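Readers should treat all values here as calculations from the given coordinates under stated rules, not as data from a laboratory. Worth saying up front: this structure is predicted, and the values here are computed from it rather than measured. Ideal geometry is used to build each Cβ from the backbone, glycine not excepted, and the neighbour counts take in all protein chains shown.
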Amino acid sequence: TTPGAVHTTVAVVAYPRISNLDEFQPLKNVPGLRLQWVRSPADVAGLRPTDWIVLPGSKATAADLAWLRAQGLDQSIAAHAGQGGTVLGVCGGLQMLGEALIDPEGIDGNGPGLGLLPLVTVFEPAKTVRRTSAAFGQLTGAWAPLSGVRAEGYEIHHGQTAQHPAMAAKGDVAREVMPGIAWQNPAGNVLGVYLHGLFEDAAVLHALFGAQAPTLDTVFDGLADGVARHFDPGVLDALIA
């Protein structure tokens with residue numbers, strides 16, 4: 001928890017096979033934010049619509065989705081989103097937010113999604129692993145400050161995600177706000193992205209939380225200043241040697 005009054009809680013679901021959880025650590029330094037790891041409905045009880053529920057990456061998306069349901073967290077997430085609450089899914093979390101996981105090659109597992117985005121994910125043998133730099137298109141609602149922001153990060157996933165065709169035929173269409181990478185629901189409160197490292201990007205942090213939000217660079221500069229103040233010159237070099 002950061003010093004001062006807390007105005008927003010960011011509740012990150014800590015499923016058993018969570019991955020890349022370090023990417024949320026920069027949020028611990030944002031004034032007014034409380035970063036909370038959650039594993040049960042009781043952990044998210046009392047969240048306000050302005051608070052976030054985050055579904056992070058997973059090493060086994062279908063298995064972690066089954067775990068999430070067994071805890072009853074699927075109902076908590078649906079209730080939060082239904083009240084206009086802010087929801088973010090990253091990589092495996094994005095896949096969970098869709099309608100279905102389809103696994104013809106036996107890579108991860110089949111299963112129904114949480115149904116908060118009209119998307120379907122198909123797992124493929126070829127794994128996408130790449131650094132990515134892309135700009136968000138026009139977003140609405142809670143995520144509107146990211147409109148036009150260029151984000152740097154990385155992708156690492158087997159699944160390929162797209163609009164659910166039958167749902168599109170009925171008029172239920174996700175807004176693709178970053179081609180092939182990010183989708184938003186029409187109401188504007190649910191966002192799913194394949195891009196890891198969003199909160200390690202200064203432009204994203206400043207868009208969402210203002211110019212006062214510390215970035216990784218400012219954290220490292222602070223550490224360097226602390227070392228300079230409290231260590232005699234040459235001590236670290238001697239220890240390394």
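A compact table of results
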{"read-out": "The range 1-160 - charge dipole about Cα centre, Lys and Arg +1 at Cβ, Asp and Glu -1, debye rounded to 20", "value": "400 debye"}
{"read-out": "Residue-averaged 222 nm ellipticity for the chain, from DSSP H runs of 4+ at -39500 (n - 2.57), nearest 500", "value": "-7500 deg cm²/dmol"}
{"read-out": "Magnitude of the charge dipole, the range 6-82, Cβ model with Lys/Arg +1 and Asp/Glu -1, debye to 20", "value": "80 debye"}
{"read-out": "Mean Cα-pair separation over length for the chain, i.e. relative contact order, pairs under 8 Å, 6 or more apart, %", "value": "17 percent"}
{"read-out": "Two-site FRET efficiency, Q83 against L21, from Cβ-Cβ distance with R₀ of 22 Å, rounded to 0.05", "value": "0.25"}
{"read-out": "Mean projected area (nm²) of the alpha-carbon convex hull when the range 63-203 is viewed from all directions", "value": "8.3 nm²"}
{"read-out": "Percent breakdown of C-alpha pair distances by 5 Å bin, ordered from the shortest bin, for the range 1-79", "value": "3, 16, 26, 23, 18, 10, 3, 1"}
{"read-out": "For the range 152-168 versus the range 66-108, the gap between their alpha-carbon centres in whole angstrom", "value": "14 Å"}
{"read-out": "Furthest towards positive pole of dipole, S40, T132, A187, structure part the chain, Cβ charges", "value": "A187"}
{"read-out": "Space enclosed by the convex hull of the alpha-carbon atoms of the chain, per residue, Å³", "value": "150 Å³"}
{"read-out": "Cα-based reach from K59 at 19 Å (exclusive), listing lysines while leaving out same-chain residues under 8 positions away", "value": "K127"}
{"read-out": "For peptides 127-135, 70-78, sequence by mean Cβ density within 10 Å, most packed first", "value": "70-78, 127-135"}
{"read-out": "Stretchable slack from I107 to A134, in nm (0.36 nm times residue separation minus alpha-carbon distance)", "value": "6.9 nm"}
